[in-house]
1. Assuming T406 fulfils every condition listed in (1) surrounded by 19 or more Cβ atoms within 10 Å (Cβ to Cβ); (2) touching a Lys or Arg at 6+ places or on another chain (Cβ under 9 Å); (3) modelled with pLDDT of 95 or more apart from one, which condition is it?
2. Scan the stretch 20-30 and give yes if some residue there is modelled with pLDDT under 85, under 25 Å from the mean Cα position of the chain (by Cα) and among the β-branched types (V, I, T), otherwise no.
3. Among the residues of the stretch 136-150, write down those that are open to solvent by less than 60 Å² (accessible area, probe 1.4 Å), closer than 23 Å to M372 by Cβ and touching a residue at least 24 places away in the same chain (Cβ under 8 Å).
4. Just to verify a result, which residue in the stretch 116-135, among those that are in contact with a Gly (Cβ under 6 Å, 6 or more places away or on another chain) and of a type outside the set (G, A, S), is least open to solvent (accessible area, probe 1.4 Å)?
5. Pick out, from the stretch 1-101, the helices (runs of 4 or more DSSP H) lying fully within it that include 1 or more residues that are within 26 Å of K297 (Cα to Cα).
6. Is it true that V143 is assigned to a loop (DSSP other than H, G, I, E, B) and either hydroxyl-bearing (S, T, Y) or assigned by the TED database to the domain that holds L276 (or both)?
7. Which ones in the stretch 334-348 are part of a loop (DSSP other than H, G, I, E, B) and either outside the structural domain of G311 (by the TED database) or over 24 Å from the mean Cα position of the chain (by Cα) (or both)?
8. Which members of the stretch 336-365 meet the condition of being closer than 14 Å to H35 by Cβ and either among the charged types (D, E, K, R) or buried (at least 21 other Cβ atoms within 10 Å of the Cβ) (or both)?
Amino acid sequence: QRCVVLRFLKSPPNQNKTSEEILHHLQNIVDFGKHVMKQFFGENYVHHGEIIQLPLDFVRQLCLKIQPERPESRCDKDMDTLSGYAMCLPNLTRLQTYRFVEHRPILCIEIKPKCGFIPFSSHVSQEIKHKVCRYCMHQHLKVANGKWKRPSKYCPLDLFSGNKQRMHFALKSLLQEAQNNLKIFKNGELIYGCKDDQDFACDWNELARHLKPFFFPSNGLVSGPYCTRTIVKELVHVITMTLLSSTDACRAGDMKTVPISQGRSYCEASAFNKELVRNGKHKLESSGLPRGCLLYKTLQAQMLDMLDIEGLYPLYSRVEQYLEEFPEERSTLQIDGPYNEAFYEKLLDLSTEDDGTVAFALTKVQQYRIAMTAKDCSIMIALSPCLQDECSEQRPVVLTSKSRFTFSVSVLDLDLKPYESIPHQYKLDGKIVNYYLKNVQAKDNPVMSSLFKENEDCTLVLHKV
């Protein structure tokens, strides 16, 4: 009735936490959203929710009811049914900015954009990391491990480029191979996206059938492949325009973490880039993102990872060593919270000069955790058709050839990444890079790779004859 979402903690079987621990954990999630992520993304984009207590009988019934709906891959953890605490959040598949009449149809697109830049850190040991983005490399390892049937052509650097042509290509690639990076909801029901961690047949015609009333209300289009292509094109255009729109101001929007030009603005493995090179063009146009848009803010938060995991890992070890000697300092250092204004203020120190202190190491570790959170967040775009006379100046509106939509953009999945996951990230990074170098780069160009070693200049000498 209130169109809200209840979120419960999950934990591995036989690892039950006390009610106090669960309440503390949930409070940390709320505080982190309110005091930290809101500063990075802005008031309108972040919905931190509130903690509520529910009757245990209701929670147990709910758990039994939803168990059959949970994907098999998620059933290794149990939902908390003992504490009665849950987070109450707005349903982001609905429009957030205005109270709409419930019968108004609503379309919602959820995108997990992933990391939108290439490491620029001097700590990077493998040159390939300065050329190919993490997402494109990881795709090959995931296919080899059987997680996906084939690699996606999506490259986050294309989406974050601000160049409409590249953004359209990235979004079409996501629609072709959604994996768990894209979902589409109609009136709150999932109509398109990956059902589980295995393959999901991308049926564009079925999607077009759902979307036709939104984009072509007068039914002027004939059906068939042309109709499907046109509708997908309209959808991609609308998503691009909403992602480039700016509907919020926040402190971090003005916070210059790292000049984006420090990193390379394209990825050599991107299918869009390869197409350009095949056509004899070697210069990728990078339009850049408007400062106020959510993608810009997401990228700024991601770029708090200034040292790369290779530069960060020794600093993590320094903090670990200190905690072994002085375990009682853990709470003073705010490793597990509280995530308050003081925690946020410490994140604003962007120096990269290591003075050998634990304080420096800890700041970089906390910034890395924020960056990891931003690399794994989801963006929700809710769209609802609006009539000409309804669209006032106060509402953000996006136009297509036959319709107009009012929209809201939100960001979710903003739980702080655990401090304990850093060693795992370090190992995974090595695995991804080594697999790519052995199995992909070598195969791509066996002749060239044996002729010219990485980074050796070749000079053509002309002699007079």
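The values are calculated or read from the model by the stated rules, or taken from the named source; none is laboratory data. Note that the structure is a prediction, hence the values are computed from the model and not measured. All Cβ positions, glycine included, derive from the backbone under ideal geometry; neighbour counts span all protein chains shown. Ligands, DNA and RNA are excluded from the accessible area calculation, which covers all protein heavy atoms including side chains. Shrake-Rupley method; radii C 1.70, N 1.55, O 1.52, S 1.80 Å.
1. T406 satisfies all of (1) surrounded by 19 or more Cβ atoms within 10 Å (Cβ to Cβ); (2) touching a Lys or Arg at 6+ places or on another chain (Cβ under 9 Å); (3) modelled with pLDDT of 95 or more except (3).
2. Looking only at the stretch 20-30, we keep the residues that are modelled with pLDDT under 85, and these are none.
No, the stretch 20-30 contains no residue that is modelled with pLDDT under 85, under 25 Å from the mean Cα position of the chain (by Cα) and among the β-branched types (V, I, T).
3. Once the filter is applied, which keeps residues that are open to solvent by less than 60 Å² (accessible area, probe 1.4 Å), closer than 23 Å to M372 by Cβ and touching a residue at least 24 places away in the same chain (Cβ under 8 Å), the stretch 136-150 yields C136, M137, H138, H140, L141, W148.
4. The first filter runs over the stretch 116-135 and keeps only residues in contact with a Gly (Cβ under 6 Å, 6 or more places away or on another chain), leaving 117-118, 120-121, 123.
Cutting the leftovers down to of a type outside the set (G, A, S) gives us 117-118, 120, 123.
Details: F117: 18, I118: 1, F120: 44, H123: 93 Å².
Filtering the stretch 116-135 for residues that are in contact with a Gly (Cβ under 6 Å, 6 or more places away or on another chain) and of a type outside the set (G, A, S), the one least open to solvent (accessible area, probe 1.4 Å) comes out as I118.
5. Working: elements: 19-31, 38-41, 56-66.
By residue number, 19-31, 38-41.
6. On the way: assigned to a loop (DSSP other than H, G, I, E, B): no; either hydroxyl-bearing (S, T, Y) or assigned by the TED database to the domain that holds L276 (or both): yes.
No.
7. Filtering the stretch 334-348 for residues part of a loop (DSSP other than H, G, I, E, B) gives 334-340, 347-348.
Result: Q334, P338.
8. The first filter runs over the stretch 336-365 and keeps only residues closer than 14 Å to H35 by Cβ, leaving 337-348.
Across the stretch 336-365, the qualifying residues are Y339, E341, E345, K346.
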